[in-house]
Structures are given as C-alpha cells and as structure tokens.
Amino acid sequence: IIFELGYLFSEASDFVFSQAGNGVEAVTLGLILLLNKGNGEIAYNETPIYLLLKLVLKDWGHNSCVVKQVANSIWKYSKNDGWKLVYMFSLVADQYEESIMKQRELSTDAFLQNYQIILEEVINDNSIDVTDIDFTKLSVTATFATISFFPANMKETFIIAKSTKDIVMKLVFGNKYNVKEERRNTIGYGLNYVVWLADVLLFCDDMERKVLVDFLIEIVDITGNDHMQELMKWLIIDQEVYNKIDEFWNVWELFKPKMIELGKKEEHYYSNYNRPIGRDRVITTYLFASPIWRKNVHKCALLSEKRSGFFDDFLEKSESIKAMFYALAKLLNTVGMEPYKEIGIEWIYKLVLKDPGCRITLYDHTLFYLEEYIGNFVACHRTKFREDLELAKKVQAVLEYMVSQGSQIAFFVREEI
C-alpha cells in the first residue's frame, strides 16, 4: 500500500499533490521505515529511496512537508540512506527544475531515466557522506533545500553550515538591497534558515559556534535586515525547547561586542514613530525586551540572578542610553521582575548618570515602565530608606530624572522618601 501510494503521489498533478497534505507526509514516513526492511525490489521494481527521491523532487519548496518529514525521520532510522537521498537530490534538483519549466507536465520517471546509471551507483554506494555534496554546483534555492534536510543536532550539520555560509549566510543576513533579485525567490527559505541556524548555534560546540558567529558578525547588515532580530528571537525561544541555557549565553556573549559597537554609531530617523527602530530595535531585542514573552511571566530559567553580571557589563560599556532605558524598564516589569527587582534600581540609576542633562527623549512607554517599577520598589522599601541613605539617594535621583521627563507619578512618589 505504501509503495502504491508513493508511486501515485510521485506522478500526481500539483493540485492533487497539494490536496493530499498529510497523506503525503505519512507515505514519506512509511517509505523511510521500509528502507531497512529488505523491500528493495518490490512494487514497480523501485526501492523506497528511489520513491523518496521522486517525492522530494515533486515538492522541495520552503514549506515542503516531504522535506520536513525526511529531515525529522530518515537520520534516526537509516543514516546511510539519508546521505544517499540528499546526495542524489543535489545531483538532479536544478536539472529537474530546468526541465519542469520547459515541460510543465514532465513525468518524474521520464526525467530520472536520464540519470538512471548514476543514481544506481549512488544507491549501491555505502560510503556516501557530507564530503560528497558539492554546494558550489547548486543554485541558491537548491542549496537552501539541501540544508533543510539536516537536523541541527547532527554533528555533520556544522560542516554544512560552515560550507554554505559564504553564500547562504550572506544572502540571508547581508545587505538586502544588494541581493534583491535572488531574494525574490528565497524569502521563505531565508526565514527557515534563520530558525535552522539558531538551532545549529545551540547544538554546536564552543569553537564551532565561534566560527559561525564571527562570520555572521562580519557580514550582517544588522540594522537594515530584520533577520538578525529574528535570529535572536528564535535563539531565545529554542534554548527553552532544547534546554540549552549555557549554550545560549555563549552565543549571547559572542554577540555582545557588536551590540556595544552599535551604540557608538549615530542614527537619525525622520519619523514620528517613537518606538525602537533600526539599531535600537536590535539592542532592545538583545536585552530581552522583545514581545515574545507571555503576559504575567515574571521569571524564567534563562534570566536567573547569576546572569545580572551580563547587564552590569553591557550598561558600563554601551552608549545606547535610550534603548537601554526602554529595554531595562520593560524587562523589570516582565520576565526580569522577580530575579532583578533589587539590582534593577542600580541599573536605572546608572542610566540616569549617563544622561545628567536629561537631554534624551525617551521612547513611548519607557516612562510608564519606569513608573511601574519605581512605584513598586518604593512601596517595598519605604522603611529601609531611613537606614540605607545611599539607596534613598539613588532612588531620589531616579525620581528627579523621571519628573524632568514629565512623570507626574514620580513627583508624588518622590515626596514619600
């Protein structure tokens, strides 16, 4: 039944194939499970791997359910066949696309007949591995599709990421205006690559991670390309999925010099939109002020008390005062509320010292976040101010700054100290 359906789907029209949906995915998994079951010469004299190749050629777009199922399953059940399948795909993918553009109703069998000898050689060769795939001979889309076959937790995946970084990473993270023509056909693949790279960075060892991040920092258009922000977002999400907190912080520390450097560059935006944009948008995401956190979540394993030194160091070295005000004020009202409720006043006080003349126009909602945090802090420490005059002076300085920024709440809270 699996072979019958596999052959049916491989020769079906695009409309029928898309309507099959989960059926194609199930048949793909069925063929993968048959790879090691001695079914090499049944049903149409085709092997499971040959039918898998036909299904992949039928659908290897950025949202292909076939490619996703292969990536999720084949390496667990038959790694050797996984290499064979990916290698065969790399040999014929671009040629198949060229042929299908010339003859829309081209039969997959008819096309593969021209490559029968070389495909049989690959199927019978048990030494195929990552070194056989030549990415220099693939188009950009075929390169993206080939990458999609590899799960992040495979040790060979770093080799794939390193081998393709000169082409793919530049395309995804570089200056978007320089690669406009290529991007037109690779937007979906680019988003998939961002998520894939985030996972790879979490599964790499420290040396491998540094190789990839150093290259990324060298070529990234960090303010003109939204993919850097997306990468940071997915790193935050996936570290929890895979329980990779230490690995995440290793990546984050590698990003830090670039984030600090951003604060030294002047940027001017002619817009009435008073929210973080450009470099400040990247910095606020880096400081965990992105909107991905669920409401009413005031702590998480990622942001423990021992990580407060990260913020201390960034505050000392960065000149992105406006972005830091927004990010830290928001952090102290959201996921950083519980772990950093005490040290948070030190951070805000240090930011106030960086703007003694109160010349910065704060982003929208910054003052609101500050009012919420300071109001709660004063309420919890009201009796302590008489004993700790140093703390009282710091809180007073912060409140004076907020009053200068137009906060009426800070004016009344100030009178309580």
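The values are calculated or read from the model by the stated rules, or taken from the named source; none is laboratory data. The shown structure was predicted, so the numbers you read here are calculated from the model rather than taken from an experiment. Here the Cβ is made from the backbone with ideal geometry for all residues, glycine too, and neighbour counts use every protein chain on show.
Numbers at a glance
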read-out: The stretch 65-96, subset under 16 Å from Ser10 (Cα atoms) and among the β-branched types (Val, Ile, Thr), residue surrounded by the most Cβ atoms within 10 Å (Cβ to Cβ); value: Val70
read-out: Positions within the stretch 371-414 being more than 20 Å from Lys322 (Cα to Cα) and among the aromatic types (Phe, Trp, Tyr), in sequence order; value: Phe377, Phe385, Phe411, Phe412
read-out: Residues (free of Cβ contacts under 8 Å to residues at least 24 places away in the same chain and either within 16 Å of Val27 (Cα to Cα) or not charged (D, E, K, R) (or both)) located in the stretch 60-103; value: Gln95, Ser99, Ile100, Met101, Gln103
read-out: Members of the stretch 346-361 that are aliphatic (A, V, I, L, M) and in contact with a helix residue (DSSP H, G or I) (Cβ under 6 Å, 6 or more places away or on another chain); value: Ile348, Leu351, Val352, Ile360
read-out: Residue match in the stretch 313-329 (condition: under 21 Å from the mean Cα position of the chain (by Cα), under 25 Å from His381 (Cβ atoms) and not in a loop (DSSP other than H, G, I, E, B)); value: yes
read-out: Selection count, the stretch 88-125, where residues are among the polar types (S, T, N, Q), over 22 Å from Val140 (Cβ atoms) and touching a helix residue (DSSP H, G or I) at 6+ places or on another chain (Cβ under 8 Å); value: 1
read-out: Within the stretch 213-240, considering residues that are touching a Leu at 6+ places or on another chain (Cβ under 9 Å) and over 23 Å from Ser163 (Cα atoms), the one modelled with the lowest pLDDT; value: Thr223
read-out: Residue in the stretch 352-364 that is buried (at least 16 other Cβ atoms within 10 Å of the Cβ), in contact (Cβ under 8 Å) with a residue 40 or more places away in the chain and closer than 15 Å to Thr284 by Cβ present; value: yes
read-out: Residue list for the stretch 69-128, restricted to those being of a type in the set (Gly, Ala, Ser) and part of a helix (DSSP H, G or I); value: Ala71, Ser73, Gly82, Ser90, Ala93, Ser99, Ala110
read-out: Hey, Ser78 small (Gly, Ala, Ser) and modelled with pLDDT of 95 or more or not; value: no
read-out: Which listed residue, of Glu390, Glu416, is assigned to a helix (DSSP H, G or I), farther than 30 Å from Asp280 by Cβ and at pLDDT below 95; value: Glu390
read-out: Hits in the stretch 119-169 - residues which are surrounded by 21 or more Cβ atoms within 10 Å (Cβ to Cβ), touching a residue at least 60 places away in the same chain (Cβ under 8 Å) and among the β-branched types (Val, Ile, Thr); value: Thr146
read-out: Single match in Val398, Val378, Val352 (criterion: of a type in the set (Val, Ile, Thr), assigned to a helix (DSSP H, G or I) and more than 38 Å from the chain's Cα centre (by Cα)); value: Val378
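This table checks each residue for (1) without any contact (Cβ under 8 Å) to a residue 12 or more places away in the chain; (2) among the hydroxyl-bearing types (Ser, Thr, Tyr); (3) out of contact with any Pro (no Cβ under 8 Å at 6 or more places or on another chain).
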{"position": "Ile292", "(1), (2), (3)": "no, no, yes"}
{"position": "Val297", "(1), (2), (3)": "no, no, yes"}
{"position": "Glu305", "(1), (2), (3)": "no, no, no"}
{"position": "Ser308", "(1), (2), (3)": "no, yes, no"}
{"position": "Ser318", "(1), (2), (3)": "no, yes, yes"}
{"position": "Phe325", "(1), (2), (3)": "no, no, yes"}
{"position": "Tyr340", "(1), (2), (3)": "no, yes, yes"}
